[in-house]
Amino acid sequence: MTEAPAEQRELLARVERLPMSRPHLRLLFQGGLGYTFDGMDGAVIAFILPSAAAVFALSGREQGLLASSTLMGFLVGALAAGLLGDRIGRRRVMMYALVLYASASVVAAFAPNWPVLFAFRVIAGIGTGAESAIIAPFLSEFVPSRFRGRFIGSLAGFFAFGFVFAALLGYFLVPPLANGWRIVQLITALPIVMVLWWRRSLPESPRYLLAKGRVEEAEAVVGRLEEQVRRATGRPLPETLPEISATERTAERVAGPAGQGLAAVLWLWRGAMARQTATTWTLWFSITFAYYGFFTFIPSLLILQGLTITKSFGYSIAIYLAQIPGYYSAAFVSERLDRKWTIGAYLSGGALSAFGLATAAGNTQLLVFGILLSFFMNGTYACLYSYTPEVYPTAVRATGMGAASAFGRVGGILSPLIIGSAYTSLGFFGVFALTCAVLAVGVLAVLTLGVSTKGRTLEDITAETAGAAPRARGASETRS
């Protein structure tokens, strides 16, 4: 590593000094709308599946493939977005992903047969996977360190609104209308109009521009952001923060991967970065495995136990509504406890809620513990979307986020298969214990291998995770 030029350090210090104001909230809303439609598109398949299955006379195998189509695409899209985001820019990938998933949703809405529907649901999943993987690392590069945890956690919270909208559309449009399942897919394509807004008003990340040596463009982006903040607050901008610590000076000179594609992913496992890659991949796998186990396969086991409330719309909407306080509580708690401790606490809360779900004596208890489980599991995701991009250098931040998110989807795909196979030998409580054991691995990984990120600049964190030097004490603490 070599020391970053003074002009680059000065630009980053200017971003760090800015107060949270309307321009940041506009970025939050722009990215949040993307996550809302990503969440809606991912959740809607559960509501259109019964109607599509009836129209095309789908077999059980075909229904299973269609139900998994979004996850399959999500895996590919998340990894592709990460690799492309570090190569061609975060902003372009974000817009291309939106166009891809909206266009594919339109084709899927008019699908004449099952193969076309399946293929374009997979393609739509590629778009949503790409968008969900790129938005968090992209916007994290605009936000001062003292606000970043609650900002990105709140950004991820927009997923919950998408799930709620999907449930409402699935309930009020799909059953009563003959082509309701097609209409719902057309509605999920509406965000295509956001591309025009994003293209006009969304800047490229200044940190990405600096990493690519495009200093003049980064200067222009920061200058416009400062002017917008000045007009929004009606006050002079604060003084630039004190000189960035010595470790931060070297951080942005981390030599990224020499190649692209697989070479870039393998670089994440080199040297000091391997520890954080192991942590983030374990976290994403464990929570996604448990999430899809708890909310897709295990409800069918509860029905076998005689607890039929899981089939009701009221149960579904309660579970989805519980996501909202889960996301936003974790976003704010993470600025107090730090991201890794909040992840550990919420994962533990999820495990305890799962135990309550497994031992529920009736529908009321089942509803209460289902709400708590949704609260804690989605709160963990809020922190995960904040934490993952924080621990990677700018040169590979999108790749790191995309690869971890993609690996997590492997857990989501395997979860119903493993739980279904294990049920015959382990029984009802056994599969709950298995799923909680996977969560426990995630808790241990983040608490033992994770790094503290609260109140630290991305450059300061990079200096530690990439092995530049031990954490610089003093600079980050004074900004907490």
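The values are calculated or read from the model by the stated rules, or taken from the named source; none is laboratory data. Source: prediction; values computed, not measured. Neighbour counts are summed over all protein chains in view; Cβ atoms, including those assigned to glycine, are modelled from backbone coordinates with ideal geometry. Calculation scope for accessible area: heavy atoms of the full protein, side chains included, ligands and nucleic acids excluded. Shrake-Rupley method; radii C 1.70, N 1.55, O 1.52, S 1.80 Å.
Rounded to whole numbers, the Karplus 3J(HN,Hα) couplings from phi for the range 332-341 are 7, 5, 5, 7, 9, 8, 5, 4, 5, 6 Hz, using 6.51 cos²θ - 1.76 cosθ + 1.60 with θ = phi - 60°, and x at Gly and Pro. Here the peptides 410-418, 221-229 are ranked by packing, the mean other Cβ count within 10 Å, and the order with the highest first is 410-418, 221-229.
Could you work out how far helix 215-233 tilts from the main Cα principal axis of the chain, as a 0 to 90 degree angle to the nearest 10? Approximately 80 degrees, to the nearest 10. The listed peptides 397-406, 271-280, ordered by packing as a protection proxy, come out as 397-406, 271-280 (highest mean of other Cβ atoms within 10 Å first). Solvent exposure of the chain, expressed per residue, is 37 Å² of accessible area, with all protein chains present and a 1.4 angstrom probe.
Peptide packing for 28-36, 100-108, 198-206 was compared via the average number of neighbouring C-beta atoms within 10 Å per residue; ordered from the highest value, the list is 100-108, 28-36, 198-206. Dividing the mean sequence gap of close Cα pairs (under 8 Å, 6+ apart) by how many residues the chain holds gives a relative contact order of 25 percent. For the chain, the carbon plus sulfur part of the accessible surface works out to 66%, probe radius 1.4 Å.
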